[in-house]
Amino acid sequence: FPVTIRQGEKVKLRIYQAFFGIPLDQLLSNIKKYHEKYLEATNGNVMLFDSATISRWDVEKIISKINPGIVIYDQLPKIKGFAADRDDLRLGTIFQWARELAKGSHAAIGVQQADGTAEGVRYLTMEHVANAKTAIQAEADWILGIGKDHSMVIVF
C-alpha cells in the first residue's frame, strides 16, 4: 500500500536533506537515525508547525508559548484572520501584523511569491512581489529576491 505523507512531513524531509546534505534515498534508508541526529544537533530548538488553515490567533498563541528567536513564515499571505476591501490591502495588513508581532521579541522572515513579471528574471526586485506594489514592501526591512533566468537551466 502506498504511504501518504502529509505536506509538513515532506517539508521535514527536505529540511533533514538540506541539513545533512544527503539525497532522499539515503535519508529514507534510516529516517529514525537522521531524525535523532537532527534533534541532537539542534537541541530540539527548530520547530515546524504545519497547517494549511493556520490563523493569526494560532500564530500568536504559538509565539507566546515558545518565545522563539526567529519565525519563518512560509507563505505569509496564507495566514487566516485578515480581511480588507482589496487583496493588496489585506496583504499589507498581514505583513504589518507580522512586523508588529516581531517587534522586541523575535526576527521574522516572510516568504512571498513573485508575480508573472519575474518569469526568467535572475535578479528580482521589489516590483516582482506578487499582488502588491507598495503595501508588502513597506513592511519589509529588506527584501531578497531569488530568481532564475532561462539560460541557467541545465538539461541532462
Exercise for review: Only residues that are open to solvent by less than 50 Å² (accessible area, probe 1.4 Å) and either assigned to a helix (DSSP H, G or I) or of a type in the set (D, E, K, R) (or both): list them for segment 107-156, please.
Suggested key: Asp115, Ala118, His128, Ala135, Ile136, Gln137, Glu139, Asp149
Study note, to complete from the structure: In segment 34-63, residues that are outside any helix (DSSP H, G or I) and surrounded by 13 or more Cβ atoms within 10 Å (Cβ to Cβ) total 5
Check your understanding: Residues in segment 83-106: is at least one of a type in the set (D, E, K, R), surrounded by 15 or more Cβ atoms within 10 Å (Cβ to Cβ) and free of Cβ contacts under 8 Å to residues at least 40 places away in the same chain?
Key -> yes
Study note, to complete from the structure: Counted residues in segment 64-82 being open to solvent by less than 30 Å² (accessible area, probe 1.4 Å) and assigned to a strand (DSSP E or B) come to 2
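The values are calculated or read from the model by the stated rules, or taken from the named source; none is laboratory data. A quick note: this is a predicted structure, and the numbers were derived from the prediction, not measured. Backbone-built Cβ (ideal geometry, glycine too); neighbour counts: all protein chains shown. Only protein heavy atoms, including side chains, enter the accessible area calculation; ligands, DNA and RNA are left aside. Shrake-Rupley method; radii C 1.70, N 1.55, O 1.52, S 1.80 Å.
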